[in-house]
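The values are calculated or read from the model by the stated rules, or taken from the named source; none is laboratory data. If you're wondering where the values come from, they're calculated on a predicted model, not measured in any experiment. Note that each Cβ is placed from the backbone with ideal geometry, even for glycine, and that neighbours are counted across all protein chains shown. Calculation scope for accessible area: heavy atoms of the full protein, side chains included, ligands and nucleic acids excluded. Shrake-Rupley method; radii C 1.70, N 1.55, O 1.52, S 1.80 Å.
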Amino acid sequence: MAIAKVNGVEVEFEPGMTVLQVAELAGEEIPRFCYHERLSIAGNCRMCLVEVKPGPPKPQASCALPAAEGQEIFTKTPMVKKAREGVMEFLLINHPLDCPICDQGGECDLQDQAVGYGRDDSRYDENKRAVEEKAMGPLIKTVMTRCIQCTRCVRFITEVAGSPEIGLISRGEDVEITTYLGAAVTSELSANVIDLCPVGALTSKPYAFEARPWELKKTESIDVMDALGSSIRVDGRANAVLRVLPRINEEVNEEWISDKTRYAVDGLQRQRLDRPYVRVDGKLKPATWNEAFAAVAAKIKATAPERIGVIAGDLQDAESLKATKDLFTALGVKNLDARQDGAALGQGPRESWLFNSTIAGIEDADVVLFVGSNPRLEAPVLNARFRKQWLAGKTRFGVIGEQVDLTFGYDYLGAGAKTLSSLAKAKNDFVAALKAAERPAIIIGQGALARADGAAILKAAAGLAKTFNVVREGWNGWNVLHTAAARVAGLDLGFVPAQGGLSTGDMLKPGALDVLFLLGADECESAASDAFKIYLGTHGDAGAHKADVILPGAAYTEKNGLYVNTEGRVQMGKRAVFPKGEAKEDWSILRALSETLGHKLPYDSLDQLRAKLFADHPTFGQIDFAPGSVPTVFDLAAVGGEGEATDAPFESPVKAFHLTNPIARASVTMAECAANVSAASKIAAE
C-alpha cells in the first residue's frame with residue numbers, strides 16, 4: 001500500500017483514494033459541503049481546502065485531488081485556515097440570516113462549519129441576492145435564497161434515485177437549483193435530498209415549524225412500510241411521532257429511506273382505533289375491554305374449531321403472530337394464514353422464501369433475472385442498489401413481467417409464465433449471459449406468486465434456477481422479494497394452514513367460516529365473508545369496517561417488537577411513543593383474551609414471550625443476522641407445487657406506491673403524493 005503524510009503522521013492508503021479520504025484515515029476532520037461519500041465528486045464548495053506538497057503553493061480542494069505516494073498533506077496551516085475562512089465568507093455573502101426561523105437550525109452543517117472554520121465578522125455590506133422558491137411537490141419545502149449550489153440534490157436525484165428531475169441552470173451569480181419545467185419531484189426516494197442538503201434550502205414541508213431537534217425524543221427502530229427493514233430513527237414529542245429519519249445500515253438501506261417510510265407517519269395520528277367496539281343492532285358501539293372480550297369469547301366458545309379462521313396482516317410483529325398462533329392452535333384451529341395475498345409460499349425449506357443473496361450481497365451478482373417483480377415500487381431503496389450496479393457496469397438485468405421504468409437498463413424477455421417456462425431453451429444474449437454467469441440470481445416477486453397459479457409458477461422458477469445453477473457452493477442466487485414486513489416472520493413461525501386447514505382465499509368465501517379473526521389484516525377482501533369478524537388492529541381501515549368486535553392494537557412505533565425482513569434478518573423495533581387511548585400492545589391483548597377463553601397463554605411478559613419464541617423457533621434469536629451471508633445449498637426440487645400455470649401477465653401487487661397499508665392510507669401527506677404522481681402520469685400520457 002502507498003504511504004502519505006498527514007500533518008507529519010504517516011498513513012497507508014489504497015490506490016485511488018483522494019486526499020480528503022487519506023486525511024480522514026489519519027483522524028483529521030475536513031470540512032465539506034458538496035462532497036458526499038455516495039455521490040460523484042463535484043468540487044463546488046471549496047470548503048475542503050488543504051495544503052499539499054509537492055504541489056503548487058496554494059490551497060487545493062482535497063475532495064477532487066488524488067492521493068499519491070510520498071505526498072505531504074497539511075490541514076491546519078495558516079494558509080489553510082485563511083483559505084477556509086475566505087471560502088466561508090463567500091458562501092455567506094448571499095445566505096440570509098434565517099437561523100431563528102429555519103427548520104435546519106440545530107442540524108445545519110453551515111452553522112456548525114461557520115463556527116468551526118469561519119470568520120467572526122463579515123466584510124460584505126452589499127444587498128443580498130434573492131431567489132424565487134421552487135415547487136418541488138408536497139414533501140420538499142424550498143427556500144432557495146439559502147442555497148449554496150453544492151449540487152448534492154442534483155447528483156442524488158440523478159445518480160442514486162435515477163429520476164433526473166432536479167437540475168442547475170444559469171451561470172455565475174445567477175445559478176439556481178430548480179426542477180425541470182417547474183414540475184414536482186415524483187421519485188420514491190425524493191425526500192433524501194432533505195437529509196443531504198447542508199443548509200436550509202431544502203427542508204421537510206410536512207414537518208415545517210413543528211419542533212426543534214433538541215425537543216424530540218429519538219428512538220432507533222425499524223421500518224415496516226415494505227419488507228426491506230430499513231433502519232430508521234423515530235423522533236417523537238409527548239405522544240406524537242413527528243418525523244422519521246434514516247439510520248446508516250450498510251447491510252440494508254445504506255443511508256436512504258423511501259418517501260413512504262419517512263412521511264406516512266402522520267397517518268399514525270389519524271383514523272386510529274383507540275378503544276374497543278362491539279356491533280350492537282348493526283352498529284358499532286364503544287365498549288369496555290371486558291365487554292369486548294366477553295363478546296369474542298361467547299362467539300368462539302360456541303363455534304367448532306374447524307369453523308374458525310385467522311388471517312394475519314402485513315405490519316405485524318413476530319410476538320403478536322406467535323401469541324395468535326399459540327392461542328388458536330390451543331383452541332384446535334387449523335385455518336391460520338399470514339399470507340393475505342395468497343402467495344404460494346410456506347412449504348419446503350426456509351431458503352425457498354428468503355432473499356438468499358442478501359440485500360448487500362446482491363451487489364456481487366453479475367446477472368439478475370426479475371420474475372413478476374417491480375422493485376422500484378416494492379422496495380425503492382433496494383432498487384437504488386440495482387441502479388448502482390448497473391451504472392458501474394457490474395450487473396446485467398432481465399425482466400419477465402411488466403415493462404416499466406426501473407431507473408436502470410434491462411433486457412425485456414416477456415410478460416408471463418409462458419416466457420418463464422421456455423426461457424431455458426431461448427436463444428438470446430441474456431440467456432447466454434445467465435448461463436455463463438459466475439453469480440447468477442433470480443428474484444421472484446409477489447406479482448408472480450400471489451396468484452391462483454402461484455405454486456406452479458414457483459415450481460417453474462425453481463426449475464429454471466436449477467437449470468442455470470443459481471444455487472451452488474459458495475453462492476445462493478435464489479431470492480424472493482417480499483412486500484410485507486410481517487410475511488417472513490409468519491412463514492418462519494409456520495403461520496400457514498395446518499393439514500386440512502383453509503387458506504386466506506378459502507376462508508373468505510361466503511359460508512366457509514362462522515368466526516374470522518383478523519390480526520391487522522386490511523389487504524384481503526374480508527367484506528366478502530359472512531362470518532362473525534373480530535378485528536385486532538390500529539386503524540379504521542378495511543378490516544375494521546365490517547368487524548363485529550374491534551380490539552384496538554398498537555402501531556409499530558408504539559411497541560417493542562421483532563420483525564424479519566425479506567432476507568431473513570431478525571430486527572428489533574423499539575417503542576417511541578405509547579399506544580393511543582385505550583389501545584394495548586397486540587400480544588398483551590391476546591394474552592388477556594386467552595384467559596377469558598380458558599386457554600391461558602404461558603407467558604405474562606414480553607420477555608417471557610420472546611423466550612418461548614426463541615425456544616420454539618431458534619432463528620428468531622439470531623438478531624441482525626442475515627442467513628444468506630453464509631450461502632446454503634438447498635434442494636430446488638422441493639420448491640413450488642403442482643398445477644398448471646396460466647399465461648396471464650405478471651403484475652406487481654403495488655399499484656399505488658404511497659397507499660399500500662392502513663397507516664399510509666390514513667396519511668394526508670401520502671394522499672397528496674399519490675395525487676401528485678397520478679397527475680404527473682396523466683400529463684406524461686397526454
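Collect the residues in region 327-360 that are within 30 Å of ARG396 (Cβ to Cβ), of a type in the set (Gly, Ala, Ser) and assigned to a helix (DSSP H, G or I), keeping them in residue-number order. Within region 327-360, SER352 is the sole residue that qualifies. One residue stands out in region 287-334 among those that are open to solvent by 40 Å² or more (accessible area, probe 1.4 Å) and charged (D, E, K, R): the one that is nearest to the chain's Cα centre (by Cα), namely LYS325.
The residues of region 491-503 that are surrounded by fewer than 23 Cβ atoms within 10 Å (Cβ to Cβ) and either at positive phi or not acidic (Asp, Glu) (or both), listed by number, are GLY494, VAL496, PRO497, ALA498, GLN499, GLY500, GLY501, LEU502, SER503.
For region 156-205, filtering for residues that are part of a loop (DSSP other than H, G, I, E, B), farther than 22 Å from SER681 by Cα, touching a strand residue (DSSP E or B) at 6+ places or on another chain (Cβ under 8 Å) and not hydroxyl-bearing (Ser, Thr, Tyr) leaves 4.
Screening ALA83 against (1) over 25 Å from PHE156 (Cβ atoms); (2) modelled with pLDDT under 95 leaves a single unmet condition, (2). Considering region 8-22, and only residues there that are in contact with a Cys (Cβ under 9 Å, 6 or more places away or on another chain) and among the aliphatic types (A, V, I, L, M), the residue that is surrounded by the most Cβ atoms within 10 Å (Cβ to Cβ) turns out to be VAL19. When region 206-216 is filtered for residues that are aromatic (Phe, Trp, Tyr) and in a helix (DSSP H, G or I), only TRP214 remains.
How many residues are over 32 Å from the mean Cα position of the chain (by Cα) and among the small types (Gly, Ala, Ser) if we restrict to region 493-509? The total comes to 2.
How many of the residues in region 54-75 are in contact with a Lys or Arg (Cβ under 9 Å, 6 or more places away or on another chain), in a strand (DSSP E or B) and without any contact (Cβ under 8 Å) to a residue 60 or more places away in the chain? The qualifying residues number 1. Among the conditions (1) open to solvent by 10 Å² or more (accessible area, probe 1.4 Å); (2) touching a helix residue (DSSP H, G or I) at 6+ places or on another chain (Cβ under 6 Å); (3) under 26 Å from TRP390 (Cα atoms), the only one that ASN253 does not satisfy is (1). For region 85-92, the condition holds for no residue, the condition being that it is part of a helix (DSSP H, G or I), at negative phi, buried (at least 20 other Cβ atoms within 10 Å of the Cβ) and of a type in the set (Gly, Ala, Ser).
Within region 257-286, the set of residues being farther than 30 Å from CYS673 by Cβ, surrounded by fewer than 15 Cβ atoms within 10 Å (Cβ to Cβ) and not hydrophobic (A, V, I, L, M, F, W, C) comprises ASP281, GLY282, LYS283, LYS285, PRO286. For region 191-206, the criterion of being open to solvent by 20 Å² or more (accessible area, probe 1.4 Å), within 18 Å of LYS141 (Cβ to Cβ) and small (Gly, Ala, Ser) is met by none of the residues.
When residues in region 587-624 are screened for being more than 30 Å from PRO276 (Cα to Cα), in contact with a strand residue (DSSP E or B) (Cβ under 9 Å, 6 or more places away or on another chain) and surrounded by 15 or more Cβ atoms within 10 Å (Cβ to Cβ), 2 of them pass. Please indicate, with yes or no, whether at least one residue in region 298-306 is touching a Leu at 6+ places or on another chain (Cβ under 9 Å), at pLDDT 95 or above and of a type in the set (Gly, Ala, Ser). For region 298-306, residues touching a Leu at 6+ places or on another chain (Cβ under 9 Å), at pLDDT 95 or above and of a type in the set (Gly, Ala, Ser): absent.
Does PRO100 satisfy being surrounded by fewer than 17 Cβ atoms within 10 Å (Cβ to Cβ) and either over 27 Å from the mean Cα position of the chain (by Cα) or within 14 Å of GLY200 (Cα to Cα) (or both)? It is true that PRO100 is surrounded by fewer than 17 Cβ atoms within 10 Å (Cβ to Cβ) and either over 27 Å from the mean Cα position of the chain (by Cα) or within 14 Å of GLY200 (Cα to Cα) (or both). The set of residues in region 384-439 that are of a type outside the set (S, T, N, Q), in contact with a strand residue (DSSP E or B) (Cβ under 6 Å, 6 or more places away or on another chain), within 30 Å of TRP256 (Cα to Cα) and without any contact (Cβ under 8 Å) to a residue 24 or more places away in the chain comprises ASP411, TYR412.
Each residue in region 36-57 was checked for being open to solvent by 20 Å² or more (accessible area, probe 1.4 Å) and within 22 Å of GLU255 (Cβ to Cβ), and 6 of them qualify. All of VAL241, VAL252 fail the test of being modelled with pLDDT of 95 or more and more than 12 Å from the chain's Cα centre (by Cα), apart from VAL241.
For region 529-542, the set of residues classified as open to solvent by less than 10 Å² (accessible area, probe 1.4 Å), under 24 Å from the mean Cα position of the chain (by Cα) and over 11 Å from PRO276 (Cα atoms) consists of HIS539 only. Selection of region 214-229 for residues being within 28 Å of ALA489 (Cα to Cα), open to solvent by less than 30 Å² (accessible area, probe 1.4 Å) and touching a strand residue (DSSP E or B) at 6+ places or on another chain (Cβ under 7 Å) yields THR219, SER221, ILE222, ASP223, VAL224, GLY229. The single condition among (1) more than 30 Å from GLU220 (Cβ to Cβ); (2) modelled with pLDDT under 95; (3) not polar (S, T, N, Q) that GLY543 does not meet is (1).
The rows are residues; the columns are (1) at pLDDT below 95; (2) of a type in the set (D, E, K, R); (3) more than 33 Å from the chain's Cα centre (by Cα).
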{"residue": "MET1", "(1), (2), (3)": "yes, no, yes"}
{"residue": "GLY8", "(1), (2), (3)": "yes, no, yes"}
{"residue": "VAL11", "(1), (2), (3)": "yes, no, yes"}
{"residue": "PRO15", "(1), (2), (3)": "yes, no, yes"}
{"residue": "GLY27", "(1), (2), (3)": "yes, no, no"}
{"residue": "TYR35", "(1), (2), (3)": "no, no, no"}
{"residue": "GLY43", "(1), (2), (3)": "yes, no, no"}
{"residue": "ARG46", "(1), (2), (3)": "yes, yes, yes"}
{"residue": "VAL50", "(1), (2), (3)": "no, no, yes"}
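Between residues in region 577-591 that are in a loop (DSSP other than H, G, I, E, B) and residues that are polar (S, T, N, Q) and open to solvent by 30 Å² or more (accessible area, probe 1.4 Å), which pairs lie under 7 Å by C-beta distance while being six or more apart or on different chains? Qualifying pairs under 7 Å: VAL577/ASN239; PHE578/ASN239.
With respect to (1) within 28 Å of the chain's Cα centre (by Cα); (2) more than 24 Å from PHE634 (Cβ to Cβ), the lone exception for VAL549 is condition (1).
Taking the residues in region 641-670 that are closer than 27 Å to ALA135 by Cβ and open to solvent by 50 Å² or more (accessible area, probe 1.4 Å) as candidates, determine which candidate is modelled with the lowest pLDDT. Selected residue: LYS655.
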